[in-house]
Amino acid sequence: MAMAASGSLPSALLLLLLSALLLRKGLAVVSLVQGQNLVTDDISVVEGEMAIISCRVRNNDDSVIQLLNPNRQTIYFRDVRPLKDGRFQLVNFSDNELRVSLSNVSLSDEGRYVCQLYTDPPQEAYANITVLVPPGAPILDPQEDMVSEGNETELTCTAMGSKPAASIRWLKGDKELQGESVVEQTYDRMFTVTSRLSLTVTREDDGVPVICIVDHPAVKDLQAQIFLEVQYKPEVKIIVEFPEGLTREGENLELTCRAKGKPEPQQINWVKLDDDVPPHAVITGTDLLIENLNKSYNGTYRCVAANSVGESYDDYILYVYDALTTTSLPTTTSTILSEIVPGTASLVLSDSRAGEGVPQKMDHAVVGGVVAVVVFAMLCLLIVLGRYFARHKGTYFTHEAKGADDAADADTAIINAEGGHNNSDEKKEYYI
């Protein structure tokens, strides 16, 4: 009788009859039902894209699988689609799986879908579909276009119309900063996130990018960027153009004032602290020229630069040293130097930095070179004289010594000498 029923009754009825037979014998059927495992997965899908719902059965005994929507309407019964929604399409149907696709997903499709297996009792597994809605392009709004150094400014970044709510991060250059975010939910279950960043700027922040980064599971690399515009008072520095060394009486002094700011300095002024600038000083733009220095010009000279943010200055302390005096070389030395190194004597008495009406001065390097040349020449002269005297050094004999061997005394030797004294006027000897 049971064999006949298996050929004509549905599998569910057959299962009931088999269960009743087993109950009579005191056996449990729970293990038989649990042997068929029905599983599915939760799904997250971006709005407008496609979702895949998969109902899978392990150890199926030919039980029927169907898929229901959140309203428990049958989407697919086995491989048949009773629901008149063409967005649902059958991807795969077998004894172990029912796979269905849902195209062009919208927010109304969000909810819990039911995979149902006709067993006794029926088994159900739930697939939750979450629809993700990416936010629009972030809106980055600075509180002010131009910020003065030392002041605090605020930047606002807004990400609108997302689901779930987005998160916002801040970067200034390569450094991440922390902002304050506010999340608002709209009537259509969408979210708007607003983040505010407060920071105090310095002149080093001028031109530095500030980036608002929006993180959301439905989108990547969503960000907005601005460059900070920081205005600051001028940076001032005085450059000595001339002279390169010490400032001395009779020389000229030329100073240049370099000033950089944002905006550019509108005016640059030269002043002297506790006194007036010398009357014959020439001020041309950023340059200050003082000719024919004297010690009455000593003091502190200040360059002041100003713009709309403020003013700054730099100081130069002037101290005028004594002028270099002209040193004349002895005539003999000048003559020797002229013979050894032509033009050396005139070089010693000249100074390329001296202007008209300024006494001629010797450069220390030139004087040192001249002294070195003189010393070298004297050494060479001593060497030559030494060699000359060494070659002419010896013993000399006079004519009085001739005939001394045969004479009885000195007087006789002189008389017997060749020529005697009669030729003394003709032969003379000189000693140096």
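The values are calculated or read from the model by the stated rules, or taken from the named source; none is laboratory data. Computed from a predicted model, the values in this text were never measured in an experiment. When we count neighbours, we look across all protein chains shown, and the Cβ atoms used for this are built from the backbone with ideal geometry, even at glycine. Note: accessible area is taken over every heavy atom of the protein model, side chains too, but ligands, DNA and RNA are not part of it. Shrake-Rupley method; radii C 1.70, N 1.55, O 1.52, S 1.80 Å.
Observations
- Residues being of a type outside the set (F, W, Y) and open to solvent by less than 80 Å² (accessible area, probe 1.4 Å) - total across segment 62-80: 10
- Residue tally, condition in a loop (DSSP other than H, G, I, E, B), open to solvent by 70 Å² or more (accessible area, probe 1.4 Å) and within 17 Å of A166 (Cβ to Cβ), over segment 195-254: 1
- Test for P121: is it closer than 30 Å to V183 by Cα, part of a loop (DSSP other than H, G, I, E, B) and in contact (Cβ under 8 Å) with a residue 40 or more places away in the chain: no
- Only one of the listed residues (I129, I168) is open to solvent by less than 10 Å² (accessible area, probe 1.4 Å) and assigned to a strand (DSSP E or B). That residue is I129.
- Within segment 91-118, restricting attention to residues that are part of a strand (DSSP E or B) and either of a type in the set (F, W, Y) or more than 18 Å from D79 (Cα to Cα) (or both), the residue that is farthest from the chain's Cα centre (by Cα) is F93.
- Which listed residue, of N92, N104, is open to solvent by 50 Å² or more (accessible area, probe 1.4 Å), under 19 Å from V133 (Cα atoms) and at pLDDT 95 or above: N104
- Residue count for segment 136-151, restricted to those that are touching a residue at least 12 places away in the same chain (Cβ under 8 Å) and not in a strand (DSSP E or B): 9.
- Of everything in segment 247-267 that is within 30 Å of the chain's Cα centre (by Cα) and of a type in the set (G, A, S), the residue that is farthest from V236 (Cα to Cα) is G261.
- For segment 134-143, the count of residues that are open to solvent by less than 30 Å² (accessible area, probe 1.4 Å) and either within 30 Å of R72 (Cβ to Cβ) or polar (S, T, N, Q) (or both) is zero.
- Considering the conditions (1) part of a strand (DSSP E or B); (2) out of contact with any Lys or Arg (no Cβ under 8 Å at 6 or more places or on another chain); (3) open to solvent by less than 80 Å² (accessible area, probe 1.4 Å); (4) within 16 Å of R196 (Cα to Cα), E154 is excluded by exactly one of them, (2).
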